[in-house]
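What follows is a short report on a single structure.
Nothing in this text is a laboratory measurement; each read-out follows from the coordinates by a stated rule. Keep in mind it's a predicted model, so treat the numbers as computed, not measured. All Cβ positions, even for glycine, are placed from backbone atoms using ideal geometry, and neighbour counts span all protein chains on display.
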Amino acid sequence: MNIEDLRTYCLSLENVTEDLKWENELCFCISGKIFCMVPMEGPLSVTFKVRPEEFEELSLRDGFKPAAYLARAKWVTLKDLSVLTKKELENYLKQSYTIIKSKLPKKIKK
């Protein structure tokens, strides 16, 4: 999976927008809340939120690491995309999207 595949998938989710933050971080958001980040420079990696029960296992798994500054909120960085299939990565991105969406105020969800 490359950055264009990631963009296409993330933007296919309902009400997703993209924004460039911190000069070189492509962020995918729902109602302004980030659910996925991809650096525009350097090696391709993907940062996303996971369920609390998955965090420790994924953090220790080859190709993953706890996300800088966001690990306490259960975010991981996938630094080697080859350790997951395209479908597995899409499932984690959809899960991250769903987790963030579920925390939005009811008024915004509608």
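Data table
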item: Some residue of the stretch 78-88 being aliphatic (A, V, I, L, M), over 20 Å from PHE28 (Cα atoms) and either in contact (Cβ under 8 Å) with a residue 24 or more places away in the chain or in a helix (DSSP H, G or I) (or both); result: yes
item: Filter result for ASN15 (under 24 Å from PRO105 (Cβ atoms) and surrounded by fewer than 17 Cβ atoms within 10 Å (Cβ to Cβ)); result: yes
item: Hits in the stretch 39-60 - residues which are assigned to a strand (DSSP E or B), β-branched (Val, Ile, Thr) and either touching a helix residue (DSSP H, G or I) at 6+ places or on another chain (Cβ under 7 Å) or surrounded by fewer than 17 Cβ atoms within 10 Å (Cβ to Cβ) (or both); result: VAL46
item: Residue match in the stretch 10-17 (condition: assigned to a helix (DSSP H, G or I), in contact with a helix residue (DSSP H, G or I) (Cβ under 9 Å, 6 or more places away or on another chain) and acidic (Asp, Glu)); result: no
item: Tally, over the stretch 18-38, of residues that are in contact with a strand residue (DSSP E or B) (Cβ under 7 Å, 6 or more places away or on another chain) and either crowded, with 17+ Cβ neighbours inside 10 Å or in a loop (DSSP other than H, G, I, E, B) (or both); result: 11
item: Residue in the stretch 62-75 that is surrounded by 15 or more Cβ atoms within 10 Å (Cβ to Cβ), outside any strand (DSSP E or B), in contact (Cβ under 8 Å) with a residue 24 or more places away in the chain and of a type in the set (D, E, K, R) present; result: yes
